[in-house]
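Comments concern the structure below.
Throughout, read-outs are computed from the coordinates displayed, never taken from laboratory work. Fair warning: this is a prediction, and the values are worked out from it, not measured in the lab. Cβ placement follows ideal geometry from the backbone for every residue including glycine, while neighbour counts extend to all protein chains displayed.
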């Protein structure tokens, strides 16, 4: 109980300091850092202080993109609840779904799909999230995307689809998941 009281006092001090001394830009920067680090309590405090859930850094990365990239489903859920734009893209044309797929974060992909984001948006290079997940051999991410309705037949500018990339990597489990078969 004493630990809970201490934590409440610390959070109150952070909140007070944020109100008194922090400009909006600094709040937004700290929100992105909380997303990068998976710091849930700090993220909630900063959102309560009206930090902008859609503010992007110089590379176009929003807190949602950062959290998806690093695999924090709880942070993603909190940012979605706070109204973060699901379709924001970074300077490379990748959105939160793309980064979660590239890094194999199936839990994040499920959160984003449940929030209603498109799982088929290609990045600037024409790769869909399913192609990225298949190419990188992320079976659970492929499964999450397929469950969310990802288009298995979508082709990029090279006229290749997710199955082609899984085949290139020799990943039998991913190939089976894409073909609709059972995988272990």
Helix 24-37 sits off the longest principal axis of the Cα atoms of the chain, rounded to the nearest 10 on a 0 to 90 degree scale, by 50 degrees
Provide 94, 81 in ascending order of the number of other Cβ atoms located within 10 Å of each residue's Cβ, fewest first.
81, 94
A chain fully extended from residue 33 to residue 85 at 0.36 nm per residue, minus the present Cα-Cα distance, gains in nm 16.9 nm
Quick one: 145, 158, 176, 112, fewest Cβ neighbours within 10 Å first, how do they rank?
158, 176, 112, 145
Is the shape of region 68-109 best called rounded, prolate or oblate, per the rule: a/c under 1.5 gives rounded, else a/b larger than b/c gives prolate, else oblate, with a ≥ b ≥ c the square roots of the Cα gyration tensor eigenvalues?
oblate
Using Cα pairs closer than 8 Å and at least 6 residues apart in sequence, work out the relative contact order for region 2-179, in percent.
14 percent
Selected from 63, 129, 73 as most flexible by GNM, with the chain as the system and alpha-carbon contacts under 10 Å
73
Using the Cα gyration tensor of region 39-114, with a ≥ b ≥ c the square roots of its eigenvalues, what is the shape: rounded (a/c below 1.5), prolate (a/b larger than b/c) or oblate (neither)?
oblate
For 128, 117, ascending order of other Cβ atoms within 10 Å (fewest first) is 117, 128
Under 20 Å from a label point 7 Å along Cα→Cβ of residue 57: give me every residue in region 64-84 with its amide N that close.
64-80, 84
When the chain is treated as a GNM, springs tying every alpha-carbon pair under 10 Å, which of 76, 142, 45 comes out with the largest mean-square fluctuation?
45
7 Å from Cα along Cα→Cβ at both residue 164 and residue 92: what's the point-to-point distance in nm?
2.1 nm
Checking the a/c ratio against 1.5 first, then a/b against b/c, what shape does the Cα gyration tensor give for region 73-184?
oblate
